[in-house]
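All remarks here apply to the structure that follows.
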Amino acid sequence: MAVSNHLEQVMKLVLDNICKRFGQQLVLDSVSASLDTVHTLVLIGPSGGGKSTLLRILAGLIPPDSGCMTIDNEPVLFQEPSLRNHRRQIGTVFQAFNLFPHLSALRNITLPLIQVHGLSESDADERAHEILKRFQLEDHSRKHPAALSGGQRQRVAIARAIAIRPRLLLFDEPTSALDPEMTAEVLEMIQELRHEGRDFVLVTHQMGFARGIADQVGFLANGRIAELGSVEQVFNRPTSRECADFLTRVLKY
Ligand SMILES: Nc1ncnc2c1ncn2[C@@H]1O[C@H](COP(=O)(O)OP(=O)(O)OP(=O)(O)O)[C@@H](O)[C@H]1O
Ligand SMILES: [Mg+2]
């Protein structure tokens, strides 16, 4: 089946007073946000601010302690079977170690399709080959992750996330473990996904990329979204002291 170049999906995402503690520490402190369309939401902010935790809640990997998340006006219930259904619709790519080391690139893509999404071997193979081809990864399909460059590994991980045809993609610092050249090839792939009109939430410390790709930017610090707006608003006219200080600090070098 052909992969559409322009997806029509528009996702509405509402976070309502999401709180999360780890032990005594309040990691997310009443996070609220209402996005009529996600498009490309980029989360920035200081280390330890709660970005990965928020992404893991969005992915349905951990539950919030309180608060509610709704997608297209439907609340995501953090209990089975609703949760399983939610997870199946989300593609995630994290910093590193995304792939199963003992499986080929191809098998890394087909296994979830077969085991989680119920595709037959042949349908899964067809879909995986099509995506590998599209991202110039076909020559690597039989290789195990150890035989791939870091950039190729992350591109396979992204291909795997797309293969499940997710409603939403989540990227948590997908290039932070890569050197600059490999970073570029992964960022180009993410840029391409944006042009396709896919919805995603991306956490990055690369401000240049954030500016280039974001439709909306969220600044998360101390467990709160202190700023949420367009690139122009957040980078050029931040309203919070925290965000202004953060940007001064990170843009200095
Ligand atoms: N499983 C966990 N158990 C205990 N504490 C945790 C756990 N996960 C995260 N934390 C703590 O929650 C806080 C927020 O962590 P989180 O990983 O969400 O931050 P972040 O914004 O992604 O940071 P970075 O930019 O460094 O990746 C940190 O203080 C972290 O130590
Ligand atoms: Mg993180």
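Quick notes on this one:
- Residue among 76, 201, 38 with the largest mean-square fluctuation in a Gaussian network model of the chain, springs linking Cα atoms under 10 Å: 76
- At R0 = 45 Å, FRET efficiency that the Cβ-Cβ distance of residue 144 and residue 252 yields, to 0.05: 0.65
- Order of 185, 80, 74 - criterion: other Cβ atoms within 10 Å of each residue's Cβ, fewest first: 80, 74, 185
- For the chain, a Gaussian network of Cα nodes joined below 10 Å ranks 17, 85, 222 by mean-square fluctuation, and the top entry is 85.
- Antiparallel bridges, percent of DSSP beta bridges restricted to the chain (to nearest 5): 55 percent
- Dividing the mean sequence gap of close Cα pairs (under 8 Å, 6+ apart) by how many residues the chain holds gives a relative contact order of 27 percent.
- Highest GNM mean-square fluctuation among 61, 220, 43, for the chain modelled with Cα contacts below 10 Å: 61.
- Were the residues from residue 77 through residue 16 laid out at 0.36 nm apart, the gain over their Cα-Cα distance would be 20.6 nm.
- Cβ-Cβ distance of residue 103 and residue 192, R₀ of 22 Å, FRET efficiency by 1/(1 + (r/R0)^6): the value works out to about 0.30.
- Span from the the stretch 182-219 Cα centroid across to the the stretch 11-46 one, whole angstrom: 18 Å
- Entry note, the stretch 46-148: relative contact order of 22 percent, from Cα contacts under 8 Å with a spacing of 6+ residues.
- Note on residue 95/residue 120: beta-carbon distance plugged into 1/(1 + (r/R0)^6) with R0 of 35 Å gives a FRET efficiency of 0.60.
- When shorter helices are ignored and each DSSP H run of at least 4 residues is given -39500 (n - 2.57), the per-residue value for the chain at 222 nm works out to -10500 deg cm²/dmol.
- For the stretch 102-166, the Cβ-based charge dipole about the Cα centre amounts to some 280 debye (Lys, Arg positive; Asp, Glu negative; other atoms uncharged).
- At full extension, residue 70 and residue 184 could sit 37.7 nm farther apart than now, given 0.36 nm per residue minus the alpha carbon distance.
- Per-residue extension of 0.36 nm, minus the Cα-Cα distance of residue 245 and residue 232, leaves a gain of 3.0 nm for this segment.
- Charge dipole of the stretch 1-114 about the Cα centre (unit charges at C-beta), most positive-ward option of 113, 53, 97: 97
- Volume per residue of the C-alpha convex hull in the stretch 78-206, rounded to whole Å³: 111 Å³
- Ellipsoid equivalent to the stretch 102-166 - semi-axes via the Cα gyration tensor, in Å: 18, 11, 10
No value in this document is a laboratory result; all are computed from the given coordinates. Since the model is a prediction, treat every value here as computed from it, not as a measurement. Ideal geometry is used to build each Cβ from the backbone, glycine not excepted, and the neighbour counts take in all protein chains shown.
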